[in-house]
């Protein structure tokens with residue numbers, strides 16, 4: 001079991017782009033008007049989770 | 001297809017750059033990933049009256065309301081009123097950003113720029129490390145768009161700069177994470193933009209109320225990302241509204257999130273590449289305002305591109321006319337205000353209260369540094385120590 005990876009709730013995301021701008025791994029990008037995490041790049045730092053103004057990103061354990 | 005310039009992003013900076021490049025005779029393409037320019041709005045929609053100076057916007061449809069001034073509330077509620085003349089520098093109009101952006105895009109098109117919607121930039125085209133255009137995706141089609149110059153106008157989350165090797169990643173302490181309701185059924189009969197400061201109200205930022213009409217206003221919050229937690233801005237804003245007699249009975253007709261870079265400026269020019277607007281971090285670190293820079297900087301960018309196309313020279317040195325130009329026009333102010341931001345962030349709520357108490361009766365019509373310092377220090381002598389670093393900056397820059 002790995003560390004939790006960031007996951008964007010696509011029903012909540014309002015496409016502000018804040019998470020993308022602070023990600024130290026360039027692991028997020030905007031697609032279809034919502035932010036999306038590239039799991040392979042995510043290092044579980046949780047900066048995006050703390051940055052989201054509306055709490056649309058959470059940690060999810062990947063198997 | 002080969003263009004002189006491809007602009008990534010049809011926000012204000014992209015459209016203005018495109019317009020002035022096209023007016024100088026360049027063959028310009030704008031690509032925009034969204035399905036409607038300006039939508040969704042990601043903005044507090046307050047803008048300086050200086051926007052009139054450039055005369056780039058026709059008509060009045062983009063204006064929601066004219067502001068008479070601004071009021072700043074310190075953590076204990078002490079109010080400092082700024083008249084229109086002074087406050088107008090930051091808060092002259094409250095606008096409809098969607099109409100605003102579409103008007104600027106229309107002007108770009110009128111000047112001859114071509115616009116492609118639903119088109120995502122996914123990478124740069126390169127030939128031996130030389131940038132030769134943009135790789136893009138429109139629906140299921142991948143496109144190679146060749147151009148001599150690529151303009152990164154792709155906003156706060158800019159990727160284009162990164163692809164060219166410019167580090168545009170933001171430290172959380174240099175990002176305001178925001179959200180905003182447009183509330184209706186509230187009383188906004190006096191046309192003032194209100195700002196509320198305090199660590200409990202908005203850590204490292206502020207709450208704003210920008211009236212768009214007699215009974216409707218944008219009510220938003222910005223929190224510095226390094227002081228925030230998941231969802232904190234929304235919780236603090238909901239709390240603020242619930243406890244404000246003027247706002248608590250309001251009903252939302254819109255909710256949006258936002259992210260505002262409050263960083264030091266980055267490099268904005270490489271061979272065959274320019275960065276403009278939020279992608280270039282051209283935002284005032286104190287107020288979070290960026291629209292006037294998009295217009296002023298975009299014009300300089302567009303004219304520089306026109307000159308480069310005329311000469312058929314696209315190297316960094318040729319394009320650096322843009323960087324020199326915008327730094328002269330407003331870059332120095334941004335640099336100074338970044339230092340001011342860093343100092344003011346260190347102020348306790350108590351210091352802000354003392355400042356407001358000293359300034360509440362100050363007649364800003366007679367503003368001069370000396371009069372200001374006198375007013376501050378006469379009432380609260382301990383402010384002198386706190387303000388010394390600020391005075392140092394204003395004397396140096």
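Legend: calculated FRET efficiency, residue B:110 to residue B:146, from the Cβ-Cβ distance at R0 = 35 Å, rounded to 0.05, equals 0.90.
Comparing mean-square fluctuations of A:20, A:43, A:31 from a GNM of chain A with C-alpha springs under 10 Å, the top value falls on A:31. Highest mean packing comes first when the peptides A:9-15, B:284-290 are listed by Cβ atoms within 10 Å, giving B:284-290, A:9-15. Take the alpha carbon gyration tensor of region B:97-230, find the square roots of its eigenvalues, order them as a ≥ b ≥ c, and report rounded if a/c is under 1.5; if not, report prolate when a/b exceeds b/c, else oblate. Since a/c reaches 1.5 but b/c is at least a/b, the shape of region B:97-230 is classed as oblate.
Take each residue in B:97-106, count the other chain C-beta atoms within 10 Å of its C-beta, and the mean is 0. What the Cα atoms of chain A give is an Rg and a Dmax of 10.5, 31 Å.
Counting only helical runs of four or more DSSP H residues, what would the 222 nm mean residue ellipticity of chain A come to if each run contributes -39,500 (n - 2.57) and the total is spread over all its residues?
On the way: 2 runs with 10 residues, N = 63.
Dividing the helical sum by the residues of chain A leaves -3000 deg cm²/dmol.
Compared with the dominant Cα axis of chain B, that is its longest principal axis, helix B:12-23 is turned about 40°. Which part of region A:40-63 falls in the paramagnetic zone of residue B:239, meaning amide N under 18 Å from the point 7 Å along Cα-to-beta-carbon? Only A:50-56 fall inside the zone, counting backbone N under 18 Å. Principal-axis analysis of the Cα atoms of chain B puts helix B:349-359 at an angle of about 80° to the longest axis. Would you mind classifying the protein assembly as shown by shape? Square roots of the alpha carbon gyration tensor eigenvalues, ordered a ≥ b ≥ c; an a/c under 1.5 is rounded, otherwise it is prolate if a/b is larger than b/c and oblate if not. Verdict is prolate for the protein assembly as shown.
Show that you can apply the helix-only estimate: for chain B, add -39,500 (n - 2.57) for every DSSP H stretch of four or more residues, divide by all residues, and state [θ] at 222 nm to the nearest 500. Write down the numbers at each step before the final one.
Working: 11 runs with 127 residues, N = 397.
For chain B, the value works out to -10000 deg cm²/dmol.
Seen against the Cα atoms of chain B and their longest principal axis, helix B:316-326 is set at about 30 degrees.
Which whole-number value in Å³ per residue fits the convex hull of the alpha carbons of region B:7-80? Present the calculation step by step, with values, prior to reporting the outcome.
Values: hull volume 11.0 nm³, N = 74.
In region B:7-80, the Cα hull volume divided by residue count equals 148 Å³.
Sorted largest first, the principal axis extents computed over the alpha-carbon atoms of chain B equal 65, 47, 39 Å. Just how far, in whole angstrom, is region B:249-304 from region B:17-59 if you go by their alpha carbon centroids? For region B:17-59 versus region B:249-304, the Cα centre distance is 12 Å.
Per-peptide packing, taken as the mean over residues of other Cβ atoms within 10 Å, places B:27-36, A:50-59, B:158-167, B:383-392 in the sequence A:50-59, B:27-36, B:158-167, B:383-392 from highest down. Computed from the Cβ-Cβ distance with R0 of 25 Å, the FRET efficiency linking residue B:271 to residue A:41 stands at 0.35.
Considering only beta bridges that DSSP places wholly inside region B:157-295, some 100 percent are antiparallel.
Just so you know, all these numbers are worked out from the coordinates, no wet-lab data involved. This structure is a prediction, so every number in the text was calculated from the model and none was measured. Here Cβ is always computed from backbone atoms with ideal geometry, including for glycine, and neighbour counts include all displayed protein chains.
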